[in-house]
Amino acid sequence: MLPAVANGRLQNDKLRRWLSRSAIEAMPGPVEWLTSVLQVLGLPYPDEGCAALRMWGQTGDRPAVWIAAADPVYLEPRLDHLCLHALGRAGVPTSDLRSLIDHLQRTLAPGSDFSFARVGSCGYLRAGQAIATASLPAYAIDQCAPSEFMPSGKEAAGYRALISEVEMALHDHDVNTCRERAGQQPVNSMWLWGGGCAPEQRTTPHPPLFADDPLLRGHWYSVTGVVDRWPGSIGDCLSASVAGFVAVTPEFEDHDGAMESWLRELREALHSGRLSRLTLLFRDGIRADVVRSHALRFWRRGSPLLD
């Protein structure tokens, strides 16, 4: 998994031609990374509990209760709909998220069967009884109308009521006042998704994972897979694996030079025979499947997905 690559972000002509000769496409619809990775590996997606898996990935311990993720978002009113802006870990400092989650806990949790909690840079909702939640994380539907991805039917009533309470509680919070004064988008809602209980740990063969992403790490823990942090380079991943690996490069790094370095390492590993094939998932939804024989496609000098 690599940084965004479309719209001319990759400046190196040789690397751009190399990628253009591969089987390259734009993945359809909202892209959620655990889904994409497991599809590449031909492995099943968890039935429920993605938020619990994410917490598992952060703490190393399997949560024993029902949990949903509570991620900060800005819902922008437009003419006839709302537009969701995923603020994410980079957009909301941990100190601000702590203040917002603590405020929700003080104002909404007393006397109810749910509570709010923060683990690192992630917010969570714990509940005694399951409620309907969205299935996709906020980053996957960034810039979309959230109504299309909210729970529907009778089970959605509790979700919508809770969201309304959250939005009223956050409306005039000091964090949002400061953010607006600084020209930043306020946190006017929390996106509740991935509700459920963590699956029982089982053993299912997975390639080694090198990643800091907590959801992927949590899934790998749940199947007793080999998990390590992103080591800093593709070469380190190659040295630590025998028959392939899954690597997730850092999400918020200034990636212009770094991405070129990672792509050069991957191209060389393929050319030398250290790897037989590559599947590259870029964070803007571009996927490239590459094998050595693609180098013979001399007629492919560019791709509209990269230009």
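The values are calculated or read from the model by the stated rules, or taken from the named source; none is laboratory data. For clarity, every value in this text was computed on a predicted model and none was experimentally measured. Neighbour counts are summed over all protein chains in view; Cβ atoms, including those assigned to glycine, are modelled from backbone coordinates with ideal geometry. When the accessible area is computed, the model is the full protein with side chains, heavy atoms only, and any ligands, DNA or RNA have been set aside. Shrake-Rupley method; radii C 1.70, N 1.55, O 1.52, S 1.80 Å.
Structural remarks
- Probing with 1.4 Å while keeping every protein chain in the model, the per residue accessible area of the chain equals 48 Å².
- Sites count as exposed loop sites when they are chymotrypsin sites (Phe, Trp or Tyr not before Pro), lie in a DSSP loop, and have at most 11 other Cβ atoms within 10 angstrom; the longest stretch of the chain without one is 1-251.
- The chain - percent of accessible surface contributed by carbon and sulfur, probe 1.4 Å: 50 percent
- With Cα atoms as the point set, the radius of gyration and Dmax of the stretch 76-229 evaluate to 17.0, 51 Å.
- Sorted largest first by accessible area at a 1.4 angstrom probe radius, with every protein chain in place, the residues Met150, Met168 fall in the order Met168, Met150.
- Between the stretch 238-307 and the stretch 8-54, the Cα center-to-center distance that results, in Å: 12 Å
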